[in-house]
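No lab work stands behind these numbers, since they all come straight from the coordinates. As the structure is a computational prediction, the values presented were derived from the model and not from experiment. Heads up, the Cβs are rebuilt from the backbone with ideal geometry, glycines too, and the neighbour counts pull from every protein chain shown.
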Amino acid sequence: MLYREAGQFKTSYGDDQAIFPIRQDRIGVAIILLAAYLAIPLTASPYLFTSILIPFLIYALAAIGLNLLTGYCGQVSLGTGGFMAVGAYAAYNFAIRMPELNLLVVFLLAGGCAALVGVVFGIPSLRIKGFYLAVATLAAQFFMDWMFSRIKWFTNYTPSGSVNAPPLSLFGFAIDTPAERYYLILAIVTVMALAAKNLVRGRVGRSWMAIRDMDIAAEIIGIRPLRAKLSAFAVSSFYAGIAGALWAFLHLGSWEPLAFDINRSFTLLFMVIIGGLGSILGCFFGAAFILIVPLALNQIPTALGIPISTAMISHLEFMIFGALIVFFLIVEPHGLARLWALGKEKLRLWPFPH
Amino acid sequence: MRTKLLRAAALGAIGAAAMLAAGAGEALAQNEQFLPRLVYRTGPYAPNGVPFANGYADYLNMLNERDGGINGVRLVQEECETGYATDRGVECYDRLKGKGPTGAGVVDPLSTGITFALTEKAPGDKIPLITMGYGRSESQDGSVFGWNFPLLGTYWAAADIIMNYVAQKEGGYGKLKGKKVSLVYHDSPYGKEPIPLLEELAKRHGFAFSALPVTHPGVEQKATWLQIRQNRPDYVLLWGWGVMNSTAIKEAAAVNYPRNKMIGVWWSGAEPDVTPGGDGSKGYMAAALHAIGDQFGVHRDIYKLVYDKNRGAGKREEVGQVLYNRGLVNGFLASEAIRKAQSRFGNKPMTGEQVRWGLENLDITAARIKESGFEGLVYPLKISCQDHMGSARARIQQWDGSKWSFVSDWIEADRKLIDPMVVAAAKKYAEEKKITPRDCSKES
């Protein structure tokens with residue numbers, strides 16, 4: 001009843017092709033943005049910022065990067081953690097060696113470095129596909145792990161191989177408190193999510209999807225696989241690189257290569273699969289699910305005052321979380337984004353389904 | 001009608017009880033010292049994490065039972081499972097740091113990775129970190145690392161103590177020339193910490209040093225031990241944790257490397273490290289921060305006040321194990337810091353800042369150790385604004401197939417060697433982070 005588009009006439013191509021063609025969606029997005037920019041910062045506790053919101057946004061950004069590659073272009077990648085590491089260490093080196101650089105420039109350069117590395121490791125995708133490509137990108141992951149723990153130059157010769165982000169400031173303002181860090185991340189994620197959404201609706205995104213659906217057919221209609229695949233790797237790694245730099249600088253503050261190990265890559269791949277392959281919204285759902293559900297499960301027994309041991313809580317967390325993943329994949333193999341879309345379809349007809 | 005009345009009465013009773021309970025909780029909460037406990041009872045490091053967590057918990061519970069806490073302030077602890085993962089550890093810290101009437105008094109991260117991450121956060125939150133026998137080696141310098149307390153020893157101290165023992169065995173540092181020493185280490189900040197010190201020692205004394213990394217969690221070490229078989233170093237130092245230790249000892253037995261030439265750091269010298277290797281572990285040595293066994297005064301109190309009342313955190317027969325005792329010592333040092341802080345700020349729950357003052361002025365004398373039932377367990381230590389380590393002594397212990405026994409007396413790390421390296425590393429950190437070091441001569 002509330003969610004019905006009857007009466008909203010599209011009078012131009014522009015209206016028809018808008019990102020959110022339905023008015024209720026536009027209002028909904030505006031409310032979410034208002035909440036994210038105004039309501040949450042006013043009410044959130046430091047714990048909510050540092051342990052939930054900041055990692056959620058950064059995970060979502062990295063998941064968008066992986067989704068562009070895997071969901072839209074069909075190239076399975078297990079190297080996202082490695083590309084995030086490139087971004088993190090590139091940002092560290094730019095910030096340490098050129099302290100006068102603006103923080104945003106540092107992040108952009110870090111993304112650029114990650115994009116370059118992504119292109120190099122994307123070259124095998126021209127010959128190999130599917131699972132075999134996943135294994136090839138695994139090489140990127142292990143190579144990055146090796147490089148950042150062995151080549152001392154990247155860590156500025158720190159004895160333990162663990163590096164610290166320098167003090168951060170942007171246009172003369174120190175970025176210190178959780179709320180300030182949240183704002184910076186939120187702004188970056190908003191801009192980049194919007195860019196990604198537009199990218200996949202445009203020519204480039206369509207060429208990726210053509211490659212994903214059938215590469216030979218795509219080649220016949222004039223899409224060059226080399227350009228399409230490598231551009232997907234570049235853009236995906238750019239996103240991952242910036243996410244890595246944010247993760248290191250604004251979330252951890254101090255990190256070692258272990259922060260970007262193979263588990264990070266798997267986590268991101270799970271986010272994309274559970275959230276929904278080929279959906280930008282799904283990245284946010286997936287990130288929220290994988291990040292928040294285990295933390296919530298871990299805290300419920302203590303919050304309710306149920307006396308069970310720490311180890312048992314942890315075991316229960318793993319079991320319930322695993323069961324939930326299986327449940328969601330059985331109920332909707334296309335991910336949470338698809339569930340959301342089905343929900344919207346139902347809402348359109350409610351309360352008078354045919 | 002009757003049922004209604006009954007229901008009303010029952011509801012009223014429940015409500016009154018709830019209010020009473022809430023009121024009582026409130027009154028109690030005012031006089032409670034909250035201590036967050038970052039533990040790992042699951043995952044690949046659980047065999048080592050569990051006894052440590054149990055020892056710590058039992059000590060605090062014993063204090064509550066015996067003395068009603070510290071000077072009447074009850075100690076309240078809440079555990080949070082980190083699984084040895086840095087991101088979960090940071091989440092635990094953020095979750096627990098604000099609890100209790102004064103927030104977290106002191107935090108033991110119990111992982112070098114988590115320590116590195118919390119080192120960035122602790123100054124802002126004003127919560128001191130006790131990293132007893134682990135953490136950042138340069139955090140010994142209190143003028144730069146104002147909130148880190150690597151009490152009793154850092155990894156640099158550990159490496160130096162072990163090499164001192166090697167030199168003793170060989171008949172002086174002069175005899176080390178031309179010898180080969182390999183370090184088999186957990187490929188994380190924890191394992192990498194001792195490398196700069198060992199490189200420095202190798203340069204000074206002319207022995208060949210090589211570092212062989214083992215990837216987390218350390219169950220795959222075939223390639224490493226193949227290298228050792230080819231290279232035949234005179235000594236192998238082991239810097240492992242969890243399942244990596246027992247695997248290393250088993251692999252050493254498999255390539256027939258003499259176990260009595262292997263010396264582990266104090267995190268590689270507990271029962272779960274040697275028992276899986278069976279007879280193959282015989283002769284293996286490790287540094288020991290403190291004594292082993294349950295024959296000390298503190299254990300009698302713990303048996304009587306905690307285990308006899310079925311309130312023990314773990315199994316009775318595990319009391320007195322190496323890592324259990326380490327948890328005890330850690331709990332002891334944390335509670336002594338709170339006690340010291342109370343001596344200045346009054347007998348009430350302390351804030352993190354006050355506990356930090358207590359830590360910086362901590363002076364645990366032999367008399368105090370005896371009084372607390374720790375005689376023979378630990379070495380006395382004295383902390384100052386500049387020196388956050390206190391004492392850097394350990395003994396070397398050897399496994400004879402059924403128990404650990406000491407093969408050396410207390411060996412002290414060479415502070416003349418370590419301190420300049422600490423100052424240099426801390427200075428570099430201060431420059432990177434744009435920290436102005438405190439002037440310790442002006443601190444009261």
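Miscellaneous remarks
- Trypsin sites (Lys or Arg not before Pro) restricted to segment B:308-341 and DSSP loop, no more than 15 other C-beta within 10 Å: B:LYS309, B:ARG311, B:LYS315
- Kirkwood hydrodynamic radius of segment A:239-350, from inverse mean 1/r over distinct Cα pairs, in Å: 16.0
- Scattering profile of segment A:44-349 at q = 0.08, 0.14 Å⁻¹ [log10 I(q)/I(0), Debye over alpha-carbon scatterers]: -0.36, -1.08
- For B:GLN77, the residues 5 or more places off, or on other chains, whose built amide H falls under 5 Å of its own are B:LEU35.
- Each of A:LEU246, A:ALA90, A:LEU108 was placed along the dipole of segment A:44-349 (beta-carbon charges, centred on the mean Cα), and the one lying farthest toward the positive end is A:LEU108.
- At the listed q of 0.16 Å⁻¹, the Debye profile of segment B:230-275, built from one uniform point per Cα, gives log10 I(q)/I(0) equal to -0.37.
- Contact order, relative form, for chain B: 20 percent (alpha carbon pairs under 8 Å, 6 or more residues apart, mean separation divided by residue count).
- Among B:PRO272, B:PRO101, B:PRO420, the residue with the largest mean-square fluctuation in a Gaussian network model of chain B, with springs joining Cα atoms closer than 10 Å, is B:PRO420.
- With a 10 Å cut-off around each Cβ of B:212-223, the average count of Cβ atoms from other chains is 1.
- Charge tally for B:ASP308 (other residues, Cβ to Cβ under 15 Å; Lys, Arg +1; Asp, Glu -1): +2.
- Compactness of segment B:122-198, expressed as Rg and Dmax over alpha-carbon positions, Å: 15.3, 49
- Centre separation in Å (Cα based) which lies between segment B:119-135 and segment B:393-444: 16
- Within 10 Å of each Cβ in B:106-116, the average number of Cβ atoms from other chains: 2
- Helical contribution to [θ] at 222 nm, DSSP H n ≥ 4, -39,500 (n - 2.57), averaged over chain B, rounded to 500: -14000 deg cm²/dmol
- The residue among A:LEU304, B:TYR257, A:MET319 whose Cα reaches farthest toward the positive pole of the charge dipole of the protein assembly as shown, with charges on the beta-carbon of Lys, Arg, Asp and Glu, is A:MET319.
- Helix B:46-67 axis, angle to chain B major axis (alpha carbon atoms, nearest 10°): 50
- The angle between the Cα long axis of helix B:86-96 and the main principal axis of chain B comes to about 30°, on a 0 to 90 degree scale.
- Rounded to the nearest 20 debye, the dipole size of chain B about its Cα centre is 260 debye, using +1 on the Cβ of Lys and Arg and -1 on the Cβ of Asp and Glu.
- Largest first, the three principal axis extents of the alpha carbons in the protein assembly as shown are 89, 87, 54 Å in whole numbers.
- Centroid-to-centroid separation of segment A:102-174 and segment A:186-230 [C-alpha atoms, Å]: 23
- Expected 222 nm ellipticity per residue - DSSP helices of 4 or more, -39500 (n - 2.57), all of chain A, to 500: -21500 deg cm²/dmol
- Of the trypsin sites (Lys or Arg not before Pro) in segment B:392-434, those whose Cβ has at most 15 other Cβ within 10 Å and which sit in DSSP loop: B:LYS403, B:LYS434
- Loop-resident sites, segment A:136-191, for chymotrypsin sites (Phe, Trp or Tyr not before Pro), counting at most 16 other Cβ within 10 Å (DSSP): A:TYR157, A:PHE171
- Descending Cα extents along the principal axes, segment B:158-290, whole Å: 37, 34, 28
- Each principal axis of the Cα cloud of chain B was evaluated for its coordinate range; sorted largest first, these ranges are 93, 53, 40 Å.
- Kirkwood radius for segment B:73-117, taken over all pairs of different Cα atoms as the inverse mean of 1/r, rounds to 11.1 Å.
- The tail of the calculated P(r) for segment B:240-364, taken as Cα-Cα distances beyond 16 Å, holds 69 percent of the pairs.
- Convex hull of segment A:22-122 built on C-alpha atoms - directionally averaged projected area, nm²: 9.1
- Highest-fluctuation residue, B:GLY373, B:GLY172, B:GLY401 considered, GNM on chain B with Cα pairs under 10 Å: B:GLY172
- With at most 16 other Cβ atoms within 10 Å, longest stretch of chain B clear of loop GluC sites (Glu not before Pro) (DSSP): B:1-219
- Kyte-Doolittle mean at least 0.0 and Cα axial length at least 18 Å: DSSP H helices in chain A: A:54-67, A:80-97, A:103-122, A:130-150, A:178-201, A:225-246, A:262-275, A:280-304, A:310-331, A:336-349
- Charged-residue dipole, Cβ positions (Lys, Arg, Asp, Glu), chain A about Cα centre, Debye nearest 20: 760
- Point-charge dipole on Cβ atoms (K/R +1, D/E -1) for the protein assembly as shown, about Cα centre, debye to 20: 1020
- Candidates B:LEU362, B:LEU152, B:LEU417: whichever shows maximal mean-square fluctuation once chain B is modelled as a Gaussian network with Cα springs under 10 Å: B:LEU417
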